[in-house]
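A short reminder: the numbers here are calculations on the coordinates, not readings from a lab. In this text the structure is predicted, and so the values were computed from the model without any measurement. Note: ideal-geometry Cβ built from the backbone for every residue, glycine included; neighbour counts use all protein chains shown.
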């Protein structure tokens, strides 16, 4: 296969990817600006986020970062599983941090796709 064929195949593959979902009631820019939940913007979006969690499941790591920004914390687990954590309530780096803050937890499988998406308390 010559390079023009490879370029055509690559272009077709890239153009066939699905667009990012929109999370109703969650302002992506405000979410990203509220690092560690310190500003309280994420807390106000929690009820809407709880209704939209299913839209995050099966997204790739890159798509989750594009949608929600870099995670506040991440963890590499056995068998190449990875966890992303986004604090909804003020996390430990914040002044006036909550003792057991709520956070969005996203577990990725070894292929890099969100397998489990939940809101939990530390």
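Calculated [222 nm] ellipticity per residue, helices only, for the chain: -10500 deg cm²/dmol; basis is -39500 (n - 2.57) per DSSP H run with n ≥ 4, divided by all residues, nearest 500. Projecting label points 7 angstrom from Cα along Cα→Cβ for residue 76 and residue 57 puts them 2.8 nm apart. Given points 7 Å out from each Cα along the Cα-Cβ axis, report the residue 41 to residue 120 separation in nanometres with one decimal. According to this spin-label approximation, the distance is 2.7 nm.
Using every Cα-Cα pair within the range 79-121, state what percent have a distance larger than 13 Å.
Details: 494 of 903 pairs.
Of all Cα-Cα distances in the range 79-121, 55 percent exceed 13 Å.
Computed from the C-beta positions of residue 113 and residue 30, the FRET efficiency with R₀ = 25 Å rounds to 0.45. Once the Cα atoms are used to define both axes, helix 41-56 deviates from the longest principal axis of the chain by about 40 degrees.
Could you run the Debye sum over the Cα atoms of the chain, one equal point scatterer each and no solvent, and tell me log10 of I(q)/I(0) at q = 0.11, 0.14, 0.18 Å⁻¹, two decimals? Once normalised to I(0) and log-transformed, intensities are -0.42, -0.62, -0.92.
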